[in-house]
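Beneath this line is the structure, given in structure tokens, with notes to follow.
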Protein chains: 6
Amino acid sequence: MAEQKAKTALVVSAHSADFVWRAGGAIALYARRGYRVLIVCLSYGERGESAKLWKQPGMTMEAVKKARHAEAEQAAAILGGETMFLDAGDYPLRATPELLTLLAGIYQDLQPEFVLSHSLEDPYNFDHPLATHLAQEARIVAQAHGFRGADKIIGAPPVFLFEPHQTEQCNWKPQVLLDITEVWDIKRQAFESMGAQEHLWEYYTRVGLQRGVQAKRNSNRTATKYAEGYQRVFPHVTDHLS
Amino acid sequence: MAEQKAKTALVVSAHSADFVWRAGGAIALYARRGYRVLIVCLSYGERGESAKLWKQPGMTMEAVKKARHAEAEQAAAILGGETMFLDAGDYPLRATPELLTLLAGIYQDLQPEFVLSHSLEDPYNFDHPLATHLAQEARIVAQAHGFRGADKIIGAPPVFLFEPHQTEQCNWKPQVLLDITEVWDIKRQAFESMGAQEHLWEYYTRVGLQRGVQAKRNSNRTATKYAEGYQRVFPHVTDHLS
Amino acid sequence: MAEQKAKTALVVSAHSADFVWRAGGAIALYARRGYRVLIVCLSYGERGESAKLWKQPGMTMEAVKKARHAEAEQAAAILGGETMFLDAGDYPLRATPELLTLLAGIYQDLQPEFVLSHSLEDPYNFDHPLATHLAQEARIVAQAHGFRGADKIIGAPPVFLFEPHQTEQCNWKPQVLLDITEVWDIKRQAFESMGAQEHLWEYYTRVGLQRGVQAKRNSNRTATKYAEGYQRVFPHVTDHLS
Amino acid sequence: MAEQKAKTALVVSAHSADFVWRAGGAIALYARRGYRVLIVCLSYGERGESAKLWKQPGMTMEAVKKARHAEAEQAAAILGGETMFLDAGDYPLRATPELLTLLAGIYQDLQPEFVLSHSLEDPYNFDHPLATHLAQEARIVAQAHGFRGADKIIGAPPVFLFEPHQTEQCNWKPQVLLDITEVWDIKRQAFESMGAQEHLWEYYTRVGLQRGVQAKRNSNRTATKYAEGYQRVFPHVTDHLS
Amino acid sequence: MAEQKAKTALVVSAHSADFVWRAGGAIALYARRGYRVLIVCLSYGERGESAKLWKQPGMTMEAVKKARHAEAEQAAAILGGETMFLDAGDYPLRATPELLTLLAGIYQDLQPEFVLSHSLEDPYNFDHPLATHLAQEARIVAQAHGFRGADKIIGAPPVFLFEPHQTEQCNWKPQVLLDITEVWDIKRQAFESMGAQEHLWEYYTRVGLQRGVQAKRNSNRTATKYAEGYQRVFPHVTDHLS
Amino acid sequence: MAEQKAKTALVVSAHSADFVWRAGGAIALYARRGYRVLIVCLSYGERGESAKLWKQPGMTMEAVKKARHAEAEQAAAILGGETMFLDAGDYPLRATPELLTLLAGIYQDLQPEFVLSHSLEDPYNFDHPLATHLAQEARIVAQAHGFRGADKIIGAPPVFLFEPHQTEQCNWKPQVLLDITEVWDIKRQAFESMGAQEHLWEYYTRVGLQRGVQAKRNSNRTATKYAEGYQRVFPHVTDHLS
């Protein structure tokens, strides 16, 4: 019963590893708070983000997917999230009508408090904005009374866009700096299960530190050391100015 | 003693009435929560926003200022805020070095939790962005150890920009919708002390209603009826995604 | 004969009711001036904008469409426009090649003086920008000599984008404020045939009033009370600066 | 009497020649329609745009100003406009309080139907945006009842920003393409009185031709050959969609 | 052998003539420097840009394509580039999965030093941004180790976007002004093989002259007379500031 | 003699340390290439960026300035640049007419090949955009024949804007990634002479590493490890696409 009543969050990740580098702190933070965090990996990143695997002799698509699946599962387990793999293609990812319907159904079943996905633009990676577009359109479909009936509709969960690799080129701007200091060790541990992308461990550790310094500068949180940046899609509805 | 420890907020208003239409809800809300809310009126709006008074025969500048002062004081009292009038000129407002220093000192003395001011652009009213520029630069000066000494510096209070008259022309975008339903009656009452601008009462009541509908649409706050929109200048530092 | 020579206008509406709230004034104004105004409803809004209907027990898709169709026909009749329903899907609307060809043919047959459609972006409703994209691409196809032959091509009718629900979030900016005071009563009457969305009657009445105030402020039209806002896609070619 | 009642227009030009290249067509068009067109030249362009003169041996500031004055007068006469020279400095132009007051008074005395000035940004020439800022602020001051009294205020004349030398770098976008075909010969003739900037004659003839082609492409005006581009500051209030 | 080692460049052109007007100078310049420049024409522009042909009695689609093919081949030969025609549809162009795969393969086989394509937006021509989107996505796919194996991947060739017809409406901004003075005669000669679009010869000659003047103004290249503008997609990586 | 003929570059730094963090690599690179690099420090950063010094008991303004002067001189010497201190005020910096004239004269005397300064916007530090505005306006004045005579004018040196502390909030976008790997050790050594801002050493080392990774990703420069980002003000005029 209690389980059914746990609050939930949804992460829509284009490739199997994106959620680790970009939203691992948020996932760990909310998992620790008792949220069920569902991470939907639209693809395994089997083509575009598995360079290290493809350099091994005799590598096959199946083996790459399997390896990436295992890594992502392990990372999610460390962070405290659940995974779901939709295998919808990588470089290019493509959004079929069925995928949209499936994801809209996930929204209605999960009833998430908030949603995390990619930046709206990314000239380095067209799968990222496509994933966000799909995540947003599925959210809209799931709000419709006529989709699966009036009693299943979702409300208006806020959508947060996590940090792309080269922020300025993506016209991405952090409107929220989420303090993840207390779960940093977990996020870093999750990094280390991504064997296929070891070169990114230090890169994203530095990202965490830079956002941490900025979080401190934009607030009175003197103990903050690590942060994640998010852009909002919708206005923040609140009764506090902080 | 307790009084000295009350949390504070600062409103920088170009003309004597701006704070009523644009931030009256926030002021009333925080006053009710025990905040000391200081409203700095840079001018009386004695030239640009006192048409009704100037149509009276024999009107003088002094009389207009006095009338506007009285109206603003009354509105502030209704909302629960304090006023300070700096009489720095209207149409055009001008920011002298002394005004900057004075306002930076106010920041340091007040140590506000947050700051409210105008939009960054306004092709209809150049005093508005100038007021914001002044409010922002004074905040920066007040953060400097070398201004009045290290023990007086302020931290990094967030700055919220209230809604201009014609939002799209000002490139203003509401990132926060503040639910002011519980203090709406007070805000409306404050409107009614602005005798010189009676034509705006209904206009800003409609603004409150429209923002209220939007707040409801962007959240699960079903009881919301009135809201105020604010644009943020800095990222929101937090440990919650909501 | 005279009828054949009537000037025409084209409205491309994603859902059956959009044209009422957003362009009802323009339609009524031009109908009164003798224009044939064709309103193409790409869908009935049967999923996303029929909440009230879906709450009725035993409701079916067919019945919803029928009810929405009837409402839209009635509203169009009040405004003085003609309707055409393409039933291309709602939440999500999808633009097939056939739909594009069909709409391009409509352009060539109608030879409209101007075109009205939705904003270019809308994070709340992905059908809206899709409808505009389709309306624009069909216009371009209809300009091509090779589509149905040189004698059928259209010229370059200006495209006006009507006001979305939350303008700033859609990066929509009104470049034209159309004075609809003389047809306001008709527009309001059309609202009232939209029984499925009664909650929007007052919302869009307030929109009309706010734009009316702004129209007055941006001109010398002292009698203006209601207006509709439009964003232009193309520059205004003219021999007058007004 | 009749003369007093002529409609008027105001051009605010940073340097003595800007109005010729950028707005000569509009001036000639409205002069021909019986408007009194007042061209306020804030400076003579005596430093920045008089290279040819300064290359003459023994040239003095006074002589440059005189030569530029004469050229501008001649060009204005050809176009049919009146000039006023304010000699407010060039490279850099500076806006004193007195200049603002003076210009606001000109607005009130002239009561222009529309106003022409420079683009909002120009990284090649800081005097241009400053001139526009001054023109806009003076317009706002002239709207204030408290400036010189309620009976002298102006309404809300639209402001059009003429084309800068390198449009994209100035983030300037033509929202109006004014057909100046019928007065092109006059504009070209005015060019030829600007002996100090002969290298620009062909450049701005090509600008006129390119805008002419674009005007034709954006409309059904098949006879258009020359046009001038303008960006609007305020929405166009109208009862026609064209 | 030497041939195999020639450096290469890739031009992705929506219609058969775009590359001539927009990138003819760059093609001629690099052809002269010994580069193999491959021009991929996604369509013949058989519908949208062949008005002159369609006005001939009895014209057929096949004949239009043939004529356009011949013109483009001739222009490319003059410029020194190679052509490839993909016949993917015109007004509308459509990007199938097969087209994406084909183009990604071309990238890998060609290993271009740089890529030229259209602007990111164009309200006058939806095929243009689609071509660029395809060119960019194919480039990304070609960078993936999993596409055709690790030894075939491409690096990160810069992408330059050539000048659209109405730059400001396309939000296109020239970040590079390429001096094409030394090959101008060749570019102009190529224009003249485009018999179907004779009206554009003078238009694009004027474009070349205007960009030439601007190039001179932004540098110390006093001999520059003609230039082409390009917008960059990615930052310029270099060890020189020039 | 030879010395007089050395090429030159100009850095306009709002506070005494900005040039070290933001442009130290460029300075070292060009100094090594034999350029005379002049660093104009408009202020000492005596109020806003000297927190560590102000925490020492009995500190005076004079002593802070002296300490900052010494640090900046030492850092410049390490990098190979020359310094000039204009003591124009800090928090707030102010640009007097005399300062503009002085700086324009420096441009004419130095005849720099390129100019480095701050971002165009910075909500955290208003001195930064003011410094850039001054640097740009002085450059424009120095181009004027009428300023100090035709033989002293400068050409059109490109202006590069270095990276602000929080890039996205400043709407700053790196268009150039300058490879500074070969001079990194020198830049780092210069950091270490800035005793008053020790907390920034690691922050800006991480910035150098992140930009280095991005430079590698955007090119084929596999040996790049550190880079500096710059935004261009003007288009790059060149005869190469790279």
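Computed quantities for the displayed model
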| read-out | value |
| --- | --- |
| Förster-model FRET efficiency, 41 Å R0, A:Glu82 and A:Lys55, C-beta, rounded to 0.05 | 0.85 |
| Calculated label separations, E:Asp87, copies of the chain, 7 Å along the beta-carbon direction, nm | 3.7, 3.7, 7.5, 7.9, 8.4 |
| Long-range tail of P(r) for the stretch D:185-242 (Cα pairs > 18 Å, %) | 51 |
| Sequence-separation-based contact order of the stretch B:3-94, relative, with Cα cut under 8 Å and 6+ spacing, percent | 37 |
| Packing-based ranking, highest mean first, of D:97-105, C:227-235 given that Cβ atoms within 10 Å are counted | C:227-235, D:97-105 |
| For the pair D and E, total buried accessible area rounded to nearest 100 Å², probe 1.4 Å | 2000 |
| The stretch E:8-232 - convex hull of the alpha-carbon atoms, volume per residue in Å³ | 113 |
| Kirkwood hydrodynamic radius over Cα pairs of the protein assembly as shown, then Stokes diffusion coefficient at 25 °C and 0.890 mPa s, in µm²/s | 73 |
| The protein assembly as shown, accessible surface, carbon-and-sulfur percent (1.4 angstrom probe) | 51 |
| For D:Pro57, label point 7 Å along C-beta direction: distances to other copies, nm | 7.3, 7.3, 7.3, 8.5, 10.7 |
| Reach of E:Lys216 by Cα under 18 Å, taken over lysines that are not fewer than 8 positions away in the same chain | D:Lys52, E:Lys173, E:Lys225 |
| Nearest residue to the symmetry axis between B and C, taken on chain B by its Cβ, in whole Å | B:Arg206, 2 |
| Those residues of the stretch E:169-186 whose amide nitrogen sits under 20 Å from the label point placed on A:Glu121, 7 Å along Cα→Cβ | E:169-177 |
| Stokes-Einstein diffusion coefficient of the stretch C:133-232, Kirkwood radius over Cα pairs, 10 °C, 1.306 mPa s, in µm²/s | 100 |
| Shortest-first nm distances, D:Thr101 label point to equivalent points in other copies (7 Å, Cα→Cβ) | 2.5, 2.5, 7.3, 7.5, 7.8 |
| Chain E: relative contact order as a whole-number percent, Cα under 8 Å and 6+ apart | 23 |
| Spin-label pair D:Asp185/B:Glu182, simplified geometry with 7 Å Cα→Cβ offset, distance in nm | 7.6 |
| Zero-based 10 Å bins, Cα pair distances in the stretch C:44-133, whole percents | 14, 39, 39, 7, 1 |
| Pairwise centroid distance, computed over Cα atoms, of the stretch F:188-224 with the stretch B:116-181, Å | 33 |
| Span-rule helices in chain C, defined as complete DSSP H runs reaching 30 Å or more along the axis (Cα) with Kyte mean at least 1.6 | none |
| Distance between modelled label sites at E:Lys152 and E:Ala6, nm, 7 Å Cα→Cβ extension | 2.3 |
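The values are calculated or read from the model by the stated rules, or taken from the named source; none is laboratory data. All figures in this text were calculated on a predicted structure; none of them were measured in a lab. Here Cβ is always computed from backbone atoms with ideal geometry, including for glycine, and neighbour counts include all displayed protein chains. Calculation scope for accessible area: heavy atoms of the full protein, side chains included, ligands and nucleic acids excluded. Shrake-Rupley method; radii C 1.70, N 1.55, O 1.52, S 1.80 Å.
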